[in-house]
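Step one of this worksheet: look at the structure below.
The values are calculated or read from the model by the stated rules, or taken from the named source; none is laboratory data. Worth saying up front: this structure is predicted, and the values here are computed from it rather than measured. FYI the Cβ positions are ideal-geometry reconstructions off the backbone, even for glycines, and counts take in every protein chain you see. These accessible areas exclude ligands, DNA and RNA; they are computed on the full protein's heavy atoms, side chains included. Shrake-Rupley method; radii C 1.70, N 1.55, O 1.52, S 1.80 Å.
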Amino acid sequence: MREKARAEGRKPKYDGSCRDKGLGPPNDGEPGHVVRLKTPTDGTIAYKDMVKGPIAVDAAELDDMILRRADGTPTYNLAVVADDHDMGVTHVLRGDDHVNNTPRQITVYRALGWDVPEFGHVPLILGPDKKKLSKRHGALSAMEYKTLGYLPEAMVNYLARLGWSHGDQEVFSRDELIRLFTTDNLGSSPSVFDTQKLDWLNAQYIQQAEPGQLTDGLSEMIAQEFKDDPAVKQDSVKLSDVIRLLQPRAKTLKDMAQQARIFLVGSKDLEYDEKAVEKFLTPEARELLATFREQLAGLDSFDEESLDKLGHGFIEAQGIKFKAIAQPIRVSITGVTASPGLFETMAVLGRDETLARMDRALSL
RNA sequence: GUCCCCAUCGUCUAGUGGCCUAGGACGUCGGCCUCUCACGCCGAUAACAGGGGUUCAAAUCCCCUUGGGGACGCCA
């Protein structure tokens, strides 16, 4: 019947064969029958949507929808109405995919003689292909974003800003959101989920956080990322020190965990990038490194400021530019060509580890 | 197919008839900063879907077209 209707270009719906038979509600012992709502056939069902404005649909469009299934259980459209009414719900704010349901539910409210609540429908979130966001587009359950290293506050902020705005403001604390949110400035067209902007927002939150606020999250992330990497030991350095160095460099906690690896392995387990070693640990550079290493060994206090002072004294004494020695040092203590600042890195690693790494690099 | 909804830079959006030569943000591209990578800063790029009206005046109001989304279950 539905197929036929669709083929003929009509809306597939109940043909109403029992509509006016005056059948009473079936007894419980009478399975196989369904109870429908006798819906008005003329006029329009109209309501004012909190975000979309007036919406009207011809009553003729509505089917005599099923309220009770043949097995005796209630259907969704009856259940929500009853539930919302019992709970005293006054405002219903839900996804756009429910707009078509609303007129149906209104007929149920009316049939039951109940007050109809306010309805508002927010636009759906679309994937990059502009289709309703679904599993196919990317892992999207809220929990999965946590696994990917996104901060809850960033996620909330991003989602809030998707389809809603408050002037030009982009970053909102949760309190601000609560204070500023109204349905007036909700957009009415669907929006595309943009991972790049989420990344940016997340980076903002990471940068603004106090290192202490990120330690637990990062710690979990490290455990998750390096569970099969026995070389990684979380207690080798103070995590908050690492966080401080990585905050401006990480878009996500996952990102940060990966960048943190160079701080979490011993000199023996540090991986040296072959190309970097070849390019920067030249014979001349090694000579300078060896000399610098001895000065480091004799430094009184191994903090960033002292290290910086020592470093600059060193290049001055050698009559070289900082650039000439920076990359060789970096490669020797991190194994790679990109890292946080040299002296802060050394300070976090500590004297023993720093020297051990330089020794290892010089032996390569 | 039928019904409902929607339509400003690639993306998120500001804009509620004159303040719009259309603003911000992400991205992209340049530059600055600089021990690398980032961060930061400066600059550039790029949009009112099309066509008709209404009006002294339209991104803003109305209509049509086109395009997009959603819904058409004894699922929720």
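A few points about this structure:
- Check on residue A:75, within 8 Å of RNA strand B (Cβ to nearest atom) and surrounded by fewer than 18 Cβ atoms within 10 Å (Cβ to Cβ): yes
- Odd one out for residue A:234, checked against (1) of a type outside the set (Gly, Ala, Ser); (2) modelled with pLDDT of 95 or more; (3) more than 15 Å from RNA strand B (Cβ to nearest atom); (4) open to solvent by 30 Å² or more (accessible area, probe 1.4 Å): (2)
- Remark: pairs (first residue in the range A:95-123, near RNA strand B (Cβ under 8 Å from one of its atoms); second residue part of a helix (DSSP H, G or I); Cβ separation under 6 Å; 6+ apart in sequence or on different chains) = A:121/A:96; A:123/A:96.
- Of all residues in the range A:245-265 being open to solvent by 40 Å² or more (accessible area, probe 1.4 Å) and not charged (D, E, K, R), the one that is nearest to RNA strand B (Cβ to nearest atom): A:248
- The residues of the range A:45-66 that are open to solvent by less than 60 Å² (accessible area, probe 1.4 Å) and within 38 Å of the chain's Cα centre (by Cα), listed by number, are A:46, A:47, A:49, A:50, A:51, A:53, A:55, A:57.
- Subset of the range A:297-318 [more than 12 Å from RNA strand B (Cβ to nearest atom) and either loosely packed, with under 11 Cβ neighbours inside 10 Å or over 11 Å from residue A:343 (Cα atoms) (or both)]: A:297, A:298, A:299, A:300, A:301, A:313, A:314, A:316, A:317, A:318
Here's the yes/no breakdown for (1) of a type in the set (Gly, Ala, Ser); (2) open to solvent by 50 Å² or more (accessible area, probe 1.4 Å); (3) closer than 24 Å to residue A:52 by Cβ:
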{"residue": "A:142", "(1), (2), (3)": "yes, yes, no"}
{"residue": "A:146", "(1), (2), (3)": "no, yes, no"}
{"residue": "A:150", "(1), (2), (3)": "no, no, no"}
{"residue": "A:157", "(1), (2), (3)": "no, no, no"}
{"residue": "A:162", "(1), (2), (3)": "no, no, yes"}
{"residue": "A:182", "(1), (2), (3)": "no, yes, yes"}
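- Here is the figure for the range A:196-219: residues that are within 12 Å of RNA strand B (Cβ to nearest atom) and either at positive phi or surrounded by 13 or more Cβ atoms within 10 Å (Cβ to Cβ) (or both) total 10.
- If the condition is being open to solvent by less than 40 Å² (accessible area, probe 1.4 Å), closer than 12 Å to residue A:288 by Cβ and within 8 Å of RNA strand B (Cβ to nearest atom), then the range A:319-344 contributes A:326, A:329.
- Condition broken by residue A:268, with the remaining ones in (1) of a type in the set (Lys, Arg); (2) open to solvent by less than 50 Å² (accessible area, probe 1.4 Å); (3) not in a helix (DSSP H, G or I) satisfied: (2)
- Test: residue in the range A:310-330 that is under 18 Å from residue A:264 (Cα atoms) and of a type outside the set (Asp, Glu): yes
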